[in-house]
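Read through the structure below, which is laid out as structure tokens, and then see the notes.
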Amino acid sequence: MKMIMSIIDDMDTFSLLDALSERGFQATKLASSGGFLRRGNTTLLIGVEDDKKEEVLGIIERICMPRKQFVPMSPVMSIEDNVNPVDVMVQMGGATTFVMDVVENYKL
């Protein structure tokens, strides 16, 4: 058995959960936030049998497409500086996904 932990953009959460559910997969949704942009994201925990791992990874890849977006960023400045935030193009979306072996699994 595998535990797939996937960190995705909030914008992709419900589309991915729907796609997983349609194929019979269950997921636990955790709210999380990124350190760089300090924006909300979602961490999904998905337990699957070994032979279903590639199917789940394919669904994640299909739904969580990377995209570019302008994000306001405050430049590093001193207290005396009077600088307005600058819009910076960053890559959003996609998924950071970890696959771990599950040694034991209990449903109590």
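The values are calculated or read from the model by the stated rules, or taken from the named source; none is laboratory data. Here the structure is a predicted model, which is why all the values come from computation and not from measurement. Neighbour counts run over all protein chains shown; Cβ positions are idealised from the backbone, glycine included.
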| request: Give the residue that is surrounded by the fewest Cβ atoms within 10 Å (Cβ to Cβ), with candidates limited to residues of region 18-67 that are under 12 Å from the mean Cα position of the chain (by Cα) and in a helix (DSSP H, G or I). | output: GLU61
| query | Name the pairs whose Cβ atoms lie under 8 Å apart, with the first residue in region 46-64 and modelled with pLDDT under 95, the second surrounded by fewer than 17 Cβ atoms within 10 Å (Cβ to Cβ) and part of a helix (DSSP H, G or I), and 6 or more positions between them or separate chains? | reply | none
| note | The lone condition MET100 fails out of (1) surrounded by fewer than 10 Cβ atoms within 10 Å (Cβ to Cβ); (2) at pLDDT 65 or above is (1)
